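Beneath this line is the structure, given in structure tokens, with notes to follow.
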Amino acid sequence: MIEHRPIVTFVSHLVLIFGVAIIAFPIWITFVASTHEAARMVQIPLPLLPGDQFFNNLELTLFKGLEGAGAPPVGFMMVNSLIMAMMIAVGKIAISLISAFAIVYFKFPFRMGFFWMIFITLMLPVEVRILPTFEVVANLGMLNTYWGLSVPLIASATATFMFRQVFLTIPDELLEAARIDGAGPMRFFVDILVPLSRTNIAALFVILFIYGWNQYLWPLLVTTDQSMYTVVMGIKQMLEAAEQSPDWHQIMMTSLLAMFPPVFVVIFMQRLFVRGLTETEK
Amino acid sequence: MLKRVHFEPSFLPFLLVAPQIIITVVFFIWPASQALYQSLLVEDAFGLSSEFVWFDNFIELFGDEHYLGAFQRTIFFSFSVAFLSMAFALTLAAMADRVIKGATTYRTFLIWPYAVAPVVSGALWVFMFDPTLGIFTYTLGVLGYEWNHKLNGGEAMFLVIIASAWKQVAYNFLFFLAAMQSIPKSLIEAAAIDGAGPTRRFFSIIFPLISPTTFFLMVINVVFAFFETFGIVHAVTQGGPAKATEILVYKVFNDGFIGLDLGGSAAQSVILMLIVISLTVIQFRYVEKKVDY
């Protein structure tokens, strides 16, 4: 700190605590709602302090789901979400790693053409091309499959750019040394490049896992079969059912469960998360 | 761009870029060109035949008051979200930059909404503002204000803005704080020696120095509000009441999947693509220019 001004410091803390309170308030309310029984959640005013039904609600939501909402148990949907998120994160990293490797370490015809083709994907978020992409996926017979959920979201310019950047900082001497020792391209890639970019891969994984888990519009379009629903979509189904019978204790429990894995990742892998976020955006 | 040393030319690099290129062509370039092509067609009511009409769909769109209305709403919505979440995040970041004790703890508590899916954020806010049960509705009722975003368009807009801005504060906070912490301490100390107080230092030194970050975040927030808030609108208002919260991305979905107007929806997609492309170009131009301390 520059100078000693206890009052200013005190005010700073006060503002920060106030800010944290505003940001955390919705989650507190969600948590409180998930700890009460159905009967308490229709009495006005709603409670501000937690009740004792948390584990009952947790069990009910995870294994039975919201009856009448036309959605499978939440535990089941979370497994779908997990599979989709992992496929997207791992798939993106894998194809970006190898294409960045090719673009940086080889000289081949159309290299720049390929590079620009990948760059274009940056400009076409799924939201702006939903209808034709949906048609492609439908024609390929990929509706209601894990492939249909994940593959169209896998191409990624940002990840390719990031790995390209990382590879460019790796000294050329390493490649020369590897070649003198008789290592072929794949050997060099597996034994030198991948281990050297380990931290970047981990940081990117954190970001992409959150991205994959939170997908909404795309799963909404390509899944009509209940057995393929993801938890983030399931919430919408429940909100619709809530128009008739507001089972807020279960809906809020589902919200809590839906945000738990990505929030957990952010808080406990904070350094990787911050690193991933700043690297992919540059 | 390229290493001085390469591997021998071979077939291998083609195999390595193949997966990425195949996915890009099949799921990005092909659908995008389909959208371009369809935007120039008009289908009859049964989808049996279509006619090539050049730019009629676009002309029709820009003569359609619903579309122009959605455009205006989207702009208002995006800038409100950007302004609200950035102002809030900037204040908090300025405070967190000052305090030494607990800065990391505050950061932990402020960044996690980033991980909350837009639709979940929508669910939380719609619960708190539920017209019959919501906790804020109740509080407002006690204060003498009757809240019902299902009937009042302005209130519905307010709700989607809040739900979007809340989620985005985390991201903005992180970047503002990082930008402030990268300002050399000597600059701040020099200003302090010259007698500038904390407020003066913020407005005369810190704020101008972080202006590239501010600009960058402005673009990112507008992109977020344009394209990633579909889940929030879908969960909170479904574009209603009476289209009061129908933003462009929602309208593409609605016209294409519910209204089955392929040509119109494709033309809207093309316009959205142009918007993303220009925003991306702006963002990249910014990256070229860095301020020198």
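For the range B:224-237, check the following and say yes or no: at least one residue is buried (at least 17 other Cβ atoms within 10 Å of the Cβ) and without any contact (Cβ under 8 Å) to a residue 40 or more places away in the chain.
Within the range B:224-237 (the criterion being buried (at least 17 other Cβ atoms within 10 Å of the Cβ) and without any contact (Cβ under 8 Å) to a residue 40 or more places away in the chain), the answer is no, since none of the residues qualifies.
Only one of these conditions is not met by B:V119: (1) of a type in the set (V, I, T); (2) part of a helix (DSSP H, G or I); (3) within 13 Å of another protein chain (Cβ to nearest Cβ); (4) surrounded by fewer than 20 Cβ atoms within 10 Å (Cβ to Cβ). Which number is it?
Here B:V119 meets the rest and fails (4).
Of everything in the range A:129-143 that's more than 11 Å from B:W30 (Cβ to Cβ) and loosely packed, with under 15 Cβ neighbours inside 10 Å, which residue is modelled with the highest pLDDT?
The selected residue is A:A138.
Just give me the residues in the range A:118-139 being over 19 Å from B:V17 (Cα atoms), within 7 Å of chain B (Cβ to nearest Cβ) and in contact (Cβ under 8 Å) with a residue 40 or more places away in the chain, in sequence order.
Hits for the range A:118-139 are A:E127, A:I130.
For A:S81, which of the numbered conditions (1) surrounded by 21 or more Cβ atoms within 10 Å (Cβ to Cβ); (2) more than 8 Å from every other protein chain (Cβ to nearest Cβ); (3) out of contact with any Phe, Trp or Tyr (no Cβ under 6 Å at 6 or more places or on another chain) fails to hold?
Result: A:S81 fails condition (3) only.
Tell me yes or no: at least one residue of the range B:58-74 is within 30 Å of A:I88 (Cα to Cα) and either buried (at least 21 other Cβ atoms within 10 Å of the Cβ) or touching a residue at least 40 places away in the same chain (Cβ under 8 Å) (or both).
Scanning the range B:58-74 turns up at least one residue that is within 30 Å of A:I88 (Cα to Cα) and either buried (at least 21 other Cβ atoms within 10 Å of the Cβ) or touching a residue at least 40 places away in the same chain (Cβ under 8 Å) (or both).
So for the range B:172-183 (the condition being within 17 Å of B:F79 (Cα to Cα), of a type in the set (F, W, Y) and in contact (Cβ under 8 Å) with a residue 40 or more places away in the chain), does at least one residue qualify?
So far as the range B:172-183 goes, no, none of its residues is within 17 Å of B:F79 (Cα to Cα), of a type in the set (F, W, Y) and in contact (Cβ under 8 Å) with a residue 40 or more places away in the chain.
I'm told B:S204 meets every condition in (1) within 15 Å of B:V233 (Cα to Cα); (2) away from every other protein chain (no Cβ under 12 Å); (3) out of contact with any Pro (no Cβ under 9 Å at 6 or more places or on another chain) except one. Can you identify the failing condition by its number?
B:S204 satisfies all of (1) within 15 Å of B:V233 (Cα to Cα); (2) away from every other protein chain (no Cβ under 12 Å); (3) out of contact with any Pro (no Cβ under 9 Å at 6 or more places or on another chain) except (1).
Scan (1) within 12 Å of chain B (Cβ to nearest Cβ); (2) touching a residue at least 40 places away in the same chain (Cβ under 8 Å); (3) within 30 Å of A:M238 (Cβ to Cβ) for the single condition A:V20 breaks and write down its number.
So A:V20 meets the others, but not (2).
For the range A:182-206, how many residues meet the condition of being within 23 Å of A:T158 (Cα to Cα) and of a type in the set (K, R)?
Looking only at that region, the number is 1.
What is the number of the single condition among (1) touching a residue at least 40 places away in the same chain (Cβ under 8 Å); (2) closer than 21 Å to B:L15 by Cα; (3) more than 8 Å from chain B (Cβ to nearest Cβ) that A:V151 does not meet?
It fails just one condition, (3).
Return the pair list, or none, for Cβ contacts closer than 8 Å from residues in the range A:37-65 that are more than 14 Å from chain B (Cβ to nearest Cβ) and under 23 Å from A:Q237 (Cα atoms) to residues that are part of a loop (DSSP other than H, G, I, E, B) and among the small types (G, A, S), at least 6 apart or on different chains.
Once the first residue is more than 14 Å from chain B (Cβ to nearest Cβ) and under 23 Å from A:Q237 (Cα atoms) and sits in the range A:37-65, its partners that are part of a loop (DSSP other than H, G, I, E, B) and among the small types (G, A, S) give A:E37/A:G51; A:F54/A:S34; A:N57/A:S34; A:L58/A:S34; A:G65/A:A71.
Assuming A:G113 fulfils every condition listed in (1) touching a residue at least 40 places away in the same chain (Cβ under 8 Å); (2) surrounded by fewer than 19 Cβ atoms within 10 Å (Cβ to Cβ); (3) under 30 Å from B:A267 (Cβ atoms); (4) not β-branched (V, I, T) apart from one, which condition is it?
Of the numbered conditions (1) touching a residue at least 40 places away in the same chain (Cβ under 8 Å); (2) surrounded by fewer than 19 Cβ atoms within 10 Å (Cβ to Cβ); (3) under 30 Å from B:A267 (Cβ atoms); (4) not β-branched (V, I, T), the odd one out for A:G113 is (1).
Filter the range A:180-201 for residues that are buried (at least 16 other Cβ atoms within 10 Å of the Cβ) and over 30 Å from A:V137 (Cα atoms); which is nearest to the other protein chains (Cβ to nearest Cβ)?
Among residues in the range A:180-201 that are buried (at least 16 other Cβ atoms within 10 Å of the Cβ) and over 30 Å from A:V137 (Cα atoms), the one nearest to the other protein chains (Cβ to nearest Cβ) is A:P185.
Can we say B:G195 is surrounded by fewer than 16 Cβ atoms within 10 Å (Cβ to Cβ) and more than 8 Å from chain A (Cβ to nearest Cβ)?
So B:G195 fits the description; yes.
Go through the range B:122-161 and count every residue that is touching a residue at least 60 places away in the same chain (Cβ under 8 Å), among the hydrophobic types (A, V, I, L, M, F, W, C) and facing another protein chain (nearest Cβ under 10 Å).
3
What are the pairs with Cβ atoms under 9 angstrom where one residue, in the range B:91-108, is of a type in the set (S, T, Y) and the other, located anywhere, is outside any helix (DSSP H, G or I)? Sequence gap at least six, or different chains.
Correct list of pairs: B:Y106/B:V99.
The values are calculated or read from the model by the stated rules, or taken from the named source; none is laboratory data. All values derive from a computational prediction rather than experimental measurement. Neighbour counts run over all protein chains shown; Cβ positions are idealised from the backbone, glycine included.
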